[in-house]
Amino acid sequence: MENKIKNRYNVLAEWRYTWTSLQKGYTDKILYINAGSREIREKDVPPLMKEKFIGGKGYGLRLLWDATRPDTKWDDPENEIIISSGPIGGITQYSGTGKSLVVSISPTTNSVMDSNVGGYFGPFLKFAGFDALELQGKSDKDIIIYIDGINHKVLILEAIPEDYNSHVFAETLSEVFADDESEKKNIGVISTGVAADNTLIGMLNFSFYDPRRKKVRLKQAGRGGIGTVFRNKKIRAVVTKIPGVKGNLNNVVDLEAITERGRRFNKEMKELDDKQSRMKQVGTAHLMEIMNDHDLLPVMNFQYGSHPEAYKIDSGVWKSKFTQNIPDGCWYGCNMSCCKGVDEFEIKTGPYKGHKVLVDGPEYENAAGIGSNAAIFDPGYIIEVNFYCDTYGICTITWGTVVAFIMECFQRGILTRERTGGFELHFGDAAGALELLHMTARGEGFGRIAGMGVRRMKEMFIEKGWGDPEFLFDIAMENKGLEYSQYMSKESLAQQGGYAMTNKGPQHDEAWLIFMDMVNNQIPTFEDKAEALHYFPMFRTWFGLVGLCKLPWNDVEPENNAQTDEPHKVPEHVDNYVTIYKAVTGRPFDKHRLVEDSERVYNFQRVFNLRRGYGTRKYDRQPYRAAGPVTIEEYESRAERYDSQLKELVGFDPEGKTTGEKMKVLRKYREEQYERLLDAVYERRGWNKNGVPKIEFLKKIGMDLPEVIEVVKGYQEP
């Protein structure tokens with residue numbers, strides 16, 4: 001094998017290490033690699049870091065803080081990409097334990113970005129001997145990093161000219177580093193594609209091997225342009241190889257306790273999934289018609305929440321496209337089987353035209369963002385864009401919001417053919433949207449503008465005098481520089497907070513409160529909403545600390561869950577996680593400590609934003625499109641609802657008033673409601689009215705590190 005690799009690639013650096021086995025879910029070792037200097041070394045995890053930051057995102061944030069300055073830019077050599085799973089990551093007895101977190105300074109937000117991802121690499125890194133991988137520096141030539149967990153060495157290899165779009169490259173590297181087909185299951189590859197060279201919205205693909213299909217498949221760390229950072233460092237790929245996966249590589253304290261909870265959950269999946277979310281049939285695409293029926297599906301750049309043609313891309317359509325009755329997990333032992341795929345899809349456009357490929361997904365976010373948000377209800381188009389985004393290395397959620405914004409800018413006359421160099425794109429134009437995607441990947445024409453992301457496009461259009469600045473702020477669906485995830489939040493004040501109050505920007509992985517707030521009316525008061533916007537972000541943060549996927553938590557629920565005191569928290573599953581964490585680590589633990597562990601890391605990330613010049617109240621401002629109707633058409637599409645709200649909630653009689661007059665009153669009310677929500681949430685989180693953690697609260701939760709206190713001192717109220 002070594003000769004095979006060295007015959008193909010020139011070795012630029014080699015480092016041998018003494019392998020450390022996992023104990024209670026940890027190796028307590030970090031692998032540091034500098035792409036520029038070629039330095040490779042092992043670092044110990046300090047006990048304080050392990051205690052306060054746990055793993056996963058926590059480790060990434062701590063390492064990034066230590067490696068960078070407050071003014072470090074995303075493309076500075078000292079910026080890092082940190083990949084870490086967590087103590088639970090890699091166990092095989094419970095579903096959803098293959099996640100890892102990727103952390104870096106983002107090209108689109110200029111602040112801290114974290115993105116969770118499945119696939120094999122995170123657990124394999126642990127099994128190779130390291131709790132985290134720290135990538136720093138900037139190479140002068142394209143490189144491939146190989147972590148050999150069998151012979152216990154790390155190689156930096158000079159890349160050769162070859163197709164490095166991910167669907168090809170992940171397969172190529174799996175072939176190169178495996179002795180035979182059976183060894184592909186022991187290889188994890190991180191890669192991206194050409195779009196990450198030419199845009200700010202590049203993402204990373206993490207591979208996993210599908211033994212039934214005998215193909216390498218991909219999961220995405222999509223948000224915030226970390227793939228762009230990867231390519232800026234001239235890293236083509238990171239590969240790890242291990243001897244294989246077996247039952248207890250984490251060397252846990254109580255394997256039987258974990259196995260018992262896993263058996264219980266697998267029974268729920270078998271008996272209840274077909275009645276509930278149908279994850280084994282359609283994955284997250286089961287949400288399509290649910291969102292449309294409740295007026296929550298993003299349509300035409302989040303202008304509307306439903307569309308009469310949405311049935312063309314509902315879950316029934318996706319069920320017919322996805323290969324059925326096949327294990328579709330992205331990690332060993334996961335019975336959710338939610339990683340659906342379209343087999344033998346013939347590509348119609350672009351460099352792979354005529355190729356028959358396996359397309360991973362689409363998931364709900366892809367179908368909604370690529371499809372309904374662009375008013376394109378063609379499943380073939382959605383599958384093709386999903387494929388190209390993945391292989392080119394573009395975040396599908398970001399791309400859906402980028403395209404929808406551009407389409408509305410043409411609708412409103414902000415963009416014209418003259419302003420774009422001859423390019424034109426309108427809602428419903430599938431051919432034009434596909435061409436824009438290929439242009440963006442190549443870095444050509446208006447594609448270079450699209451590849452900057454929504455915030456920079458908005459700022460560019462304002463600078464050029466294209467459109468009213470206030471209107472552009474209203475319709476540009478970004479917050480903190482990150483494009484909105486694909487749920488329409490207009491009618492859910494709690495979800496508005498769940499998006500715009502996030503540390504990294506509007507991603508649904510912190511708090512998905514639409515149903516609790518809007519459909520089930522479980523959190524009617526500001527205090528209720530504030531409690532939810534404290535608990536759920538902290539609870540979900542914990543998944544990112546320990547290596548867990550959130551889907552097994554609430555996408556299948558115990559049959560008696562509705563009869564519990566807190567059904568929205570799925571208490572039986574919370575108890576599963578408490579039991580598993582104790583069984584892995586041996587640490588004293590309960591559901592309260594789960595939240596406390598997360599509070600420390602969550603507040604550290606908030607302070608990290610402050611350190612970089614962000615993190616205060618003004619950065620939690622949302623575009624008005626997220627809160628209410630920006631245009632007359634939007635208001636009149638829900639006129640009966642809005643008129644009733646004006647009368648019942650505001651005390652304003654809409655009778656005889658123009659739509660413009662009614663919109664003005666409604667906007668004032670909704671903006672005031674959001675400000676009141678900010679006050680309530682900040683108070684519940686232990687922050688001052690500017691959104692800054694109070695020193696006494698940081699002391700209470702044990703995040704009163706001197707460097708943290710030093711940052712927040714200047715933001716404390718007199």
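The values are calculated or read from the model by the stated rules, or taken from the named source; none is laboratory data. The model shown is predicted, which means the values in this text are computed figures rather than measured ones. Note: ideal-geometry Cβ built from the backbone for every residue, glycine included; neighbour counts use all protein chains shown.
What to note about this one:
- Residue in the range 464-474 that is part of a helix (DSSP H, G or I), under 20 Å from E634 (Cα atoms) and of a type in the set (D, E) present: yes
- Residue list for the range 646-662, restricted to those being of a type outside the set (S, T, Y) and part of a helix (DSSP H, G or I): L646, K647, E648, L649, V650, G660, E661, K662
- Condition met for H534 (within 20 Å of Y499 (Cα to Cα), modelled with pLDDT under 95 and not hydroxyl-bearing (S, T, Y)): no
- Any chance Y602 is of a type in the set (F, W, Y), under 28 Å from T284 (Cα atoms) and either in contact with an Asp or Glu (Cβ under 7 Å, 6 or more places away or on another chain) or in a helix (DSSP H, G or I) (or both): yes
- Of the residues in the range 201-220, at least one is at pLDDT 95 or above, farther than 23 Å from G89 by Cα and buried (at least 24 other Cβ atoms within 10 Å of the Cβ).
- Any hit, the range 550-563, residues being closer than 30 Å to Y635 by Cα, of a type outside the set (S, T, Y) and buried (at least 21 other Cβ atoms within 10 Å of the Cβ): no
- The set of residues in the range 393-413 being surrounded by fewer than 24 Cβ atoms within 10 Å (Cβ to Cβ), in a loop (DSSP other than H, G, I, E, B) and either touching a His at 6+ places or on another chain (Cβ under 8 Å) or not small (G, A, S) (or both) consists of R412 alone.
- T416 in contact with a strand residue (DSSP E or B) (Cβ under 6 Å, 6 or more places away or on another chain) and either over 21 Å from K321 (Cβ atoms) or part of a loop (DSSP other than H, G, I, E, B) (or both): no
- Taking the numbered list (1) buried (at least 24 other Cβ atoms within 10 Å of the Cβ); (2) without any contact (Cβ under 8 Å) to a residue 40 or more places away in the chain in turn, K73 passes all entries but (1).
- Any hit, the range 636-645, residues being assigned to a helix (DSSP H, G or I), of a type outside the set (S, T, Y) and either closer than 16 Å to G497 by Cα or outside the structural domain of E527 (by TED's automatic domain parsing) (or both): no
- Residue in the range 503-516 that is of a type in the set (G, A, S) and touching a residue at least 40 places away in the same chain (Cβ under 8 Å) present: yes
- Every residue from the range 542-570 that is in a helix (DSSP H, G or I), at pLDDT 95 or above and among the hydrophobic types (A, V, I, L, M, F, W, C): W542, F543, L545, V546
- Taken together, E309, E256 contain a single residue that is farther than 30 Å from E634 by Cβ and of a type in the set (D, E, K, R), which is E256.
- For the range 343-378, residues that are assigned to a strand (DSSP E or B) and of a type outside the set (A, V, I, L, M, F, W, C) total 5.
Results for (1) of a type in the set (G, A, S); (2) under 15 Å from the mean Cα position of the chain (by Cα), shown as yes or no for each residue.
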site	(1), (2)
A476	yes, no
G481	yes, yes
Y487	no, yes
K490	no, no
Q495	no, no
K504	no, yes
D509	no, yes
W512	no, yes
M516	no, no
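- Among the residues of the range 246-275, those that are over 21 Å from Q23 (Cβ atoms) and of a type in the set (A, V, I, L, M) comprise M269, L272.
- Residue within the range 564-578 that is of a type in the set (K, R) and buried (at least 17 other Cβ atoms within 10 Å of the Cβ) present: yes
- Taken across the range 156-170, residues that are farther than 14 Å from T391 by Cβ, in contact with a Leu (Cβ under 8 Å, 6 or more places away or on another chain) and buried (at least 21 other Cβ atoms within 10 Å of the Cβ) do occur, with at least one present.
- Members of the range 1-23 found to be surrounded by fewer than 14 Cβ atoms within 10 Å (Cβ to Cβ) and in contact with a Ser or Thr (Cβ under 8 Å, 6 or more places away or on another chain), listed by number: S21
- Counting only residues that are closer than 17 Å to N479 by Cα and of a type in the set (A, V, I, L, M, F, W, C), the range 372-405 holds 7 of them.
- Scanning the range 433-489 for residues that are in contact (Cβ under 8 Å) with a residue 40 or more places away in the chain and of a type in the set (V, I, T) yields T440, V454, I475.
- The range 110-140 - residue that is within 14 Å of the chain's Cα centre (by Cα) and either more than 19 Å from I187 (Cα to Cα) or acidic (D, E) (or both) and, of those, surrounded by the fewest Cβ atoms within 10 Å (Cβ to Cβ): N116
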